[in-house]
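A short worksheet on the structure shown next.
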Amino acid sequence: MKNAVSIFCVSLLSFCGLRATAQGTVAGCLVVGAQRVYIVDGGGSVYDPRYFTDLSANYCSWTPSTGTTCNICSTALNGGGNCPGHNYQAQGVEGVFTMVACPIDDSLLPFMMTLGGLGFYVLRKKSCFIA
C-alpha cells in the first residue's frame, strides 16, 4: 500500500509544472475595460471595431497594458483606412499583448487530486464498526 501511495504522489507532482492552455499573443489596440484587443489597424493608431480578439476562457488579463494611445472607430473604417467623421467609440493602448492565465487554474486539479488521494488513504486506514 505504501508503494501505491508513493507512486500516486510522485505522479501527481510530475503534473504540477504542466499548463493546460496555450498562451495567446496578439498585436493591436487593447481596451482594458472590455478585455478585448482590436487587431486591424487603418493607420495612424485607428482600429476597425469589427476585428478583435477577446480574452479566452481560463485567462484573467492581458499583459502588458501600457503603450501608446490608440482609438477604436465607432463604425467600419472607410476605403482609405480612416474613421468616417472621426467618431471613436473607445480609446485604448497599442502594443503586443499576451494572455495571462489565472493562477488558481494551474494548480486546482493537482490540489483536488491530492486531497482526494489523502482522503481515500485515511478512510481506508480507519476501521468502521456498526454497533
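Please compute the length gained on full extension between LEU118 and TYR51, using 0.36 nm multiplied by the number of residues separating them and subtracting their Cα-Cα distance. Can you show the working numbers first?
Working: separation 67, 0.36 × 67 = 24.12 nm, distance 4.87 nm.
Answer, rounded to one decimal: 19.2 nm.
At a 10 Å Cβ-Cβ cut-off, how would you order SER45, SER107, fewest neighbours first? Show your work: numbers first, answer last.
Details: SER45 14, SER107 11.
Fewest to most other Cβ atoms nearby, the residues stand as SER107, SER45.
Counting only DSSP beta bridges with both residues in the stretch 39-131, tell me the antiparallel percent, nearest 5. Counting DSSP beta bridges with both partners in the stretch 39-131, the antiparallel share is about 85 percent.
Let me know the shape class of the stretch 23-121, please: from the alpha-carbon gyration tensor, a ≥ b ≥ c as square roots of the eigenvalues, rounded when a/c is under 1.5, otherwise prolate if a/b is greater than b/c, or oblate.
Prolate, since a/c reaches 1.5 and a/b exceeds b/c.
Put simply, the amide H of GLN35, placed in the peptide plane, has no neighbours under 5 Å, leaving out anything fewer than 5 places away on its chain.
Any read-out appearing in this document is the output of simple, stated calculations on the displayed coordinates, not a laboratory observation. Just so it is clear, the model here is predicted, and its values are computed rather than measured. Note that each Cβ is placed from the backbone with ideal geometry, even for glycine, and that neighbours are counted across all protein chains shown.
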